[in-house]
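S.K.: Can you keep this structure in mind? I'll have questions shortly.
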Amino acid sequence: MPLLLLLLGLTGGVVATPLTAQERPRVHIVATGGTISNRDGGRLTADEIVGLVPAADRYAALTAEQFSNTASGALTIAQYIALARRVNTLFRADSTLSGVIVTMGTDTMEELAYFLHLTVRDPRPVVVVGAMRNPSQVGFEGPANLLGGVRVAADPAARGVGTVVVLNDEINAARDVVKTDARRLHTFNSREVGVLGVIDTDRVVWYRRTVQRHSARSEFDVFAFDSLPRVDILLAYQGAPGDLFNAAVDAGAKGIIVAAAGGGAISGTQSLGQRYAVDQGVFVMTATRTGAGRIPPSGPLRDSTNTETLRRRTFTLAAEDLEPLKARLLLMLGLATTTDRDALQRFFREY
Ligand code: DAS
């Protein structure tokens with residue numbers, strides 16, 4: 001086959017000019033496990049994951065390390081902290097690094113991605129990549145997703161985006177992305193606010209930026225704590241028992257996210273449970289279970305004159321437009337730094 005036709009075939013119709021070894025941006029992969037590594041007979045190692053994308057040579061010089069090799073649901077909050085510290089350290093240690101890729105399972109990807117978005121305090125991008133099919137399945141899309149991730153991490157225009165999730169040729173902001181389907185490849189999207197960009201054959205195309213605080217502008221220092229306060233999520237549903245609030249409080253929760261119906265509705269006995277929690281000094285935050293829409297906060301404490309209202313309001317928070325899973329992570333980080341109600345509510349306005 002003539003060389004040009006061969007090149008067109010390999011690049012999907014676009015001839016990319018190869019970069020010399022010195023010109024290639026440096027991208028580091030931190031592998032944590034997930035379906036992208038879950039080959040029958042033994043999980044792929046970090047080095048084997050690099051081996052999935054020989055075409056990455058055209059865009060970046062890759063290095064890799066193994067952080068863990070497990071399903072995403074098995075990762076602990078202690079590992080979240082350790083991983084965020086590791087990525088911060090990688091950036092601090094190497095000013096020539098263009099970006100970091102974290103490979104992981106998709107099931108809890110929106111949670112770890114948002115945690116990194118809030119705690120990796122560097123303008124360079126963290127790109128979270130996974131796969132819906134494993135390496136032993138026909139149509140394994142891990143290599144395509146990883147190559148997309150490399151191209152985003154190597155793109156100078158990715159500076160300042162924070163942590164993003166890349167699958168299926170789409171770039172979603174960690175703050176907005178949700179997993180919407182248990183099986184399908186197009187599972188990740190950012191609902192009504194849309195993707196940040198797409199990865200086309202010729203270039204990475206950016207459409208928008210998130211305006212909320214994150215990464216280099218974040219005030220959450222992951223080196224300042226070794227663990228995070230317990231925050232649980234309770235779902236509102238018809239007849240939901242309020243004593244689950246008591247159970248969470250008695251088990252040591254410092255915060256409870258209520259995934260409320262619509263704009264904030266909870267069951268009758270949940271109201272009693274909520275009162276038990278605030279009486280014990282546990283913060284109760286209302287989020288919506290609908291998947292979209294905003295829960296506005298009640299006014300600042302100084303606007304309350306009634307003592308009973310003031311006491312209840314002191315421990316009552318609103319998640320704004322954060323989904324319950326992400327509101328939980330932000331409240332955990334918030335509670336690690338303050339127990340002042342207005343300061344906690346500010347985090348939800350700004351992040
Ligand atoms: N095994 C699941 C996980 O680790 C699913 C996946 O990776 O897609 O989250």
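The values are calculated or read from the model by the stated rules, or taken from the named source; none is laboratory data. Please read these numbers as outputs of a predicted model, since none were measured by experiment. Positions of Cβ are backbone-derived with ideal geometry, glycine not excepted, and every protein chain shown enters the neighbour counts. Accessible surface is based on the protein model in full, side chains and every heavy atom, while ligands, DNA and RNA are left aside. Shrake-Rupley method; radii C 1.70, N 1.55, O 1.52, S 1.80 Å.
S.K.: Given the criteria open to solvent by less than 10 Å² (accessible area, probe 1.4 Å) and among the aromatic types (F, W, Y), does Y80 qualify?
M.R.: no
S.K.: If I filter region 102-140 down to residues being more than 22 Å from F223 (Cβ to Cβ) and away from the ligand (no atom under 15 Å from the Cβ), which single residue comes out as most open to solvent (accessible area, probe 1.4 Å)?
M.R.: So the residue we want is V138.
S.K.: Examine region 141-148 for a residue that is of a type in the set (A, V, I, L, M, F, W, C) and either away from the ligand (no atom under 16 Å from the Cβ) or touching a His at 6+ places or on another chain (Cβ under 6 Å) (or both), and state whether such a residue exists. Please lay out each step first, then the result.
M.R.: Residues of region 141-148 that are of a type in the set (A, V, I, L, M, F, W, C), as a first pass: 144, 146-147.
Now drop any that are not either away from the ligand (no atom under 16 Å from the Cβ) or touching a His at 6+ places or on another chain (Cβ under 6 Å) (or both), which leaves 147.
Yes: region 141-148 contains one or more residues that are of a type in the set (A, V, I, L, M, F, W, C) and either away from the ligand (no atom under 16 Å from the Cβ) or touching a His at 6+ places or on another chain (Cβ under 6 Å) (or both).
S.K.: Looking at region 17-28, is at least one residue free of Cβ contacts under 8 Å to residues at least 24 places away in the same chain, assigned to a loop (DSSP other than H, G, I, E, B), away from the ligand (no atom under 16 Å from the Cβ) and among the hydroxyl-bearing types (S, T, Y)?
M.R.: yes
S.K.: Applying the selection to region 42-71, what residues are out of contact with any strand residue (DSSP E or B) (no Cβ under 7 Å at 6 or more places or on another chain) and either free of Cβ contacts under 8 Å to residues at least 60 places away in the same chain or within 16 Å of the ligand (Cβ to nearest atom) (or both)? Walk me through it before giving the result.
M.R.: First, pick out the residues of region 42-71 that are out of contact with any strand residue (DSSP E or B) (no Cβ under 7 Å at 6 or more places or on another chain): 42, 44, 48, 51-55, 57-59.
Hits for region 42-71 are G42, L44, E48, G51, L52, P54, D57, R58.
S.K.: Among the numbered criteria (1) under 17 Å from the mean Cα position of the chain (by Cα); (2) surrounded by fewer than 20 Cβ atoms within 10 Å (Cβ to Cβ); (3) more than 16 Å from the ligand (Cβ to nearest atom); (4) within 25 Å of L196 (Cβ to Cβ), which single criterion is violated by P156?
M.R.: (1)
S.K.: Here's something else I'd like to know. For region 239-351, list the strands (runs of 3 or more DSSP E) that sit wholly inside it and hold at least 3 residues that are in contact (Cβ under 8 Å) with a residue 12 or more places away in the chain and buried (at least 21 other Cβ atoms within 10 Å of the Cβ); which are they?
M.R.: The strands (runs of 3 or more DSSP E) meeting that bar are 255-260, 283-288.
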